[in-house]
Every structure is written in structure tokens, then in C-alpha cells.
Amino acid sequence: MRHRIAVIGAGPAGLTFARVLHRHGYPVAILERDPAPDARPPGGTLDLHEGLGQLALDKAGLLAEFQALSRPEGQAMRILDVDGTVLRDWHPRPGEQANPEIDRRQLRDLLLGPLDVQWGRGVTQVVPGTRDGVLVHFADGRQETFDLVVGADGAWSRTRPAVSPVTPHYTGVTYVETSLDDIDTRHPDLARLIGDGSVAVYGVNRALVAQRNSGGHVKVYAQLRAPLDWHTNLDLADVEAVRSSLLALFDGWAAPVLGLLRHGTAFVHRPLYVLPVSHTWTHVFGVTLLGDAAHVMPPLGAGANLAMLEGAELAESIATGPGDLDEAVRAFEEQMWARAGRWAKITMAGLERLVSPDPAEALALFDEVQPS
């Protein structure tokens, strides 16, 4: 008898889980609160690592399609001093496939493929241990029961309270995101500054990072150590006011670098939250978590990769295991906790060094991770 399985959230984790199950002929209900695939901006580009996100896509039978869509040149990384001096300028070797970039929208569409997502199915509560299984409450008042509910619903997961009372806490670092469009035509000087991949500039408790997406689109992130309420007297909807505030915070930096902020079209406030480094829970029959729902960590290249691999591994365990669903979930959780704990330590330590009182720490970290 096939189990009734639901995954909450149609992000990289949930879709990878569903796609691998689909490949093995297992049905799964994909429940997503967004009313349509393009209801929200998809976010920036992702670098998928060979042993993590790319491995997950291989398990889903999608690696070749990913390689055709991805941008290996996007692995390039340039680091500048605040005066504009180039400190590092790294380019991938021909054929380098360690961490090629792909736009989130492209990745989502690749994973969606034949999957049937139930859009507009916002979940409000997950209740394990009922007579008929795990009870899922929806925002429209309806309810459904499943044998297994997989929470892949992000940092503010509605599934997590079923297994853990822990909620994310603020790291002390805030990102303010803006975008540049058609950069090669409209801002050729900035296009040359950024190069084929990313450019980063590190100052005292400040950083500016710009990253190419496809189609001439660039995401820019102003990063700063600040209290959560740093913007109390600032209207975040007032583009000019936010731009002026950020330019004041980065006063004295080279004019070409500040051009990344001057030409931004809109600004989005993104304070960074994380879960405790070693977040685990007492196993709950019929419920588990993937990705940010289980271990939200700083956005330093690991989160989506881990989430996708977790989704693929759990799906494989269910589809090819001995048949005991709960045993497969228990074994998966132990493996996930150990690996995620290691990466959470790495990314938290990385954040401390990248947005730091000593900018030399950021440069040293780059040299450790990507030797010149």
C-alpha cells in the first residue's frame, strides 16, 4: 500500500523531494501557499555544488538539463578594497563545474517539470498523532490527513512547531537588496566592475556584494552589522530615502562601488535570521523537516544545496528502502542533523568574518576557500 505523503512548500527542497519520489513512481501532494509559480520574485542566483545540489539533481535525473542551463562563468569572483583597488580576481578554469550558477526561476521550472503543485494551499498548522494520521489545517478552513508530512516551508515554517518549539533569531547582520537591469547596456562601467560572476567590497562592519543573474540582471546586497530596528526612522518604501541612508552608511567608498547603490531601482530589507547551530528535535511520528525549516543558516552558498540533497535523500529512502516509513525518516533525520550542524558552524563563522570589524578577515576567508 502506498503511503499518503505531503510536502509543504514548493521551493528547492520540497520540489526536489517530490521530483525524486515522482521518478520512482511515488505520488506526493505538494502544498504551496503562493497562488502561482510567479506570485513572488524568485530571488537571486544559486551556486549548486558538485557534492550537494548537483548530486540531488543527479538523483532526480536532471543533471544534464541543469548543466545546459547553468552558468559556469558565474563562478568568477572579484574582491575590491573600499577605494576600488582590485585585491583578488578569480576566474574558473575551462570546464570548471564545482559551483556553477543558475537563476532560481530556472531551477524552479526545471524541478517542476511534470509535478502537480497545489497552489494557494496555505498551511496554518500540522497536528501529528491523530487517529487517521497527521492532520494538516489549511488557511481556507479545510483539513486533510497524511501518513507523512514533510515541512519544506522555510525559515518561518508552519510545520516546525509540530516537532520543535525553536524559532529563528536575528544574527546582528542585515542585508538591503536592490537590483540593476540590462546592466551591460545601461551601466557598462558597472558591468565591467562586476565581471562575469560576483564582486565584493569589504569594509568595517559593512560590505557590498553584487552578483550577476542571467539576462543582464544583477542583484546587489548592502550588508551591515546593525540592530534589528536600525531603520526605525526610515521609510523602507521610500526608494530615495533608503538610497540616501545607505550612501551615508558607505560614505567614503569609491564612487564606482557606490554606483551599485545609486542605480538601484528598489530596496528590500532582509535581516538575517538563523536557527541554533545544532538544531535537532525528538523524533515525531509522521512529521519531519527539510532545508530552512530544519536549519536556517546564513546565506553563504550552503542552504539551498543542503535542502535539495536532503529532499533527494529522504525521497530515495522512502522509495527504495525496506518499507518502514518511520524507520526511513528516523535514519534520514540523524544524517541530516549531523551534516547540517557542520555546515551551520561553517556559515556562522563565515558570516562573522565577512561582515567584521576587520575587513582583512573577509579576504583571508576567500583565500582559504578559493586560493588564487
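The values are calculated or read from the model by the stated rules, or taken from the named source; none is laboratory data. Only a predicted model underlies this, so the values are computations on that prediction, with no experimental measurement involved. Positions of Cβ are generated from backbone atoms using ideal geometry, with glycine treated the same way; all protein chains shown enter the neighbour counts. The accessibility values were calculated without ligands, DNA or RNA, using every heavy atom of the protein model including side chains. Shrake-Rupley method; radii C 1.70, N 1.55, O 1.52, S 1.80 Å.
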>> Against the conditions (1) over 20 Å from Val173 (Cα atoms); (2) open to solvent by less than 50 Å² (accessible area, probe 1.4 Å), where does Thr320 fall short? Just the number, please.
In response: (2)
>> Give all pairs with beta carbons closer than 7 Å in which a residue from segment 212-224 that is touching a residue at least 24 places away in the same chain (Cβ under 8 Å) meets a residue that is buried (at least 24 other Cβ atoms within 10 Å of the Cβ) and among the basic types (Lys, Arg); count only pairs at least 6 apart in sequence or on separate chains.
In response: Val218/Arg212
> Among the residues of segment 81-93, which ones are open to solvent by 70 Å² or more (accessible area, probe 1.4 Å) and either under 27 Å from the mean Cα position of the chain (by Cα) or of a type in the set (Lys, Arg) (or both)?
Replying inline: Asp89, His91, Arg93
> For segment 354-372, what are the residues that are polar (S, T, N, Q) and open to solvent by 40 Å² or more (accessible area, probe 1.4 Å)?
Replying inline: Gln370, Ser372
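Going by the conditions given, is Gln118 open to solvent by less than 20 Å² (accessible area, probe 1.4 Å), farther than 26 Å from Leu193 by Cβ and among the polar types (S, T, N, Q)? Don't jump to the end; show me each part of the working.
Values: open to solvent by less than 20 Å² (accessible area, probe 1.4 Å): no; farther than 26 Å from Leu193 by Cβ: yes; among the polar types (S, T, N, Q): yes.
Judged against the criteria, Gln118 is not a match.
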> Among the candidates Glu334, Glu352, Glu368, which residue alone is in a helix (DSSP H, G or I), at pLDDT below 95 and not hydrophobic (A, V, I, L, M, F, W, C)?
Replying inline: Glu368
>> Anything in segment 16-49 that is closer than 30 Å to Gly95 by Cα and assigned to a loop (DSSP other than H, G, I, E, B)? List them, or say none.
In response: Pro42, Gly43, Gly44, Leu48, His49
> What pairs come up if the first residue lies in segment 167-182 and is part of a strand (DSSP E or B), the second is open to solvent by 30 Å² or more (accessible area, probe 1.4 Å) and of a type in the set (D, E, K, R), and their beta carbons are under 6 Å apart, counting only those six or more places apart or on different chains?
Replying inline: Gly172/Arg225; Val173/Arg225; Tyr175/Arg270; Glu177/Arg270
> So which of Arg121, Arg131, Arg158 is touching a Ser or Thr at 6+ places or on another chain (Cβ under 7 Å) and of a type outside the set (A, V, I, L, M, F, W, C)?
Replying inline: Arg158
> Can you pull out the residues in segment 323-353 that are over 18 Å from the mean Cα position of the chain (by Cα), of a type in the set (A, V, I, L, M) and open to solvent by less than 40 Å² (accessible area, probe 1.4 Å)?
Replying inline: Leu325, Ala328, Val329
> Among the residues of segment 222-251, how many are surrounded by fewer than 21 Cβ atoms within 10 Å (Cβ to Cβ), closer than 22 Å to Pro299 by Cα and not hydrophobic (A, V, I, L, M, F, W, C)?
Replying inline: 4
> Does any residue of segment 11-34 turn out to be buried (at least 24 other Cβ atoms within 10 Å of the Cβ), in contact (Cβ under 8 Å) with a residue 40 or more places away in the chain, of a type in the set (Ser, Thr, Tyr) and closer than 27 Å to Gln335 by Cα?
Replying inline: yes
>> Checking the structure you have, find out if any residue of segment 38-56 is out of contact with any helix residue (DSSP H, G or I) (no Cβ under 7 Å at 6 or more places or on another chain), at pLDDT below 95 and aliphatic (A, V, I, L, M).
In response: yes
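May I ask you to verify whether Val199 is under 17 Å from the mean Cα position of the chain (by Cα), at pLDDT 95 or above and farther than 14 Å from Pro299 by Cβ?
No, not satisfied.
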> So which of Val20, Val7, Val82, Val28 ends up being among the β-branched types (Val, Ile, Thr), at pLDDT 95 or above and farther than 28 Å from Asp324 by Cβ?
Replying inline: Val82
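Results for (1) open to solvent by 20 Å² or more (accessible area, probe 1.4 Å); (2) within 20 Å of Gln118 (Cα to Cα); (3) modelled with pLDDT of 95 or more; (4) of a type in the set (Lys, Arg), shown as yes or no for each residue.
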{"residue": "Arg142", "(1), (2), (3), (4)": "yes, yes, yes, yes"}
{"residue": "Arg160", "(1), (2), (3), (4)": "no, no, yes, yes"}
{"residue": "His169", "(1), (2), (3), (4)": "yes, no, yes, no"}
{"residue": "Thr174", "(1), (2), (3), (4)": "no, no, yes, no"}
>> Looking at segment 177-200, can you tell me whether even one residue there is touching a Lys or Arg at 6+ places or on another chain (Cβ under 7 Å) and within 22 Å of Trp156 (Cβ to Cβ)?
In response: yes
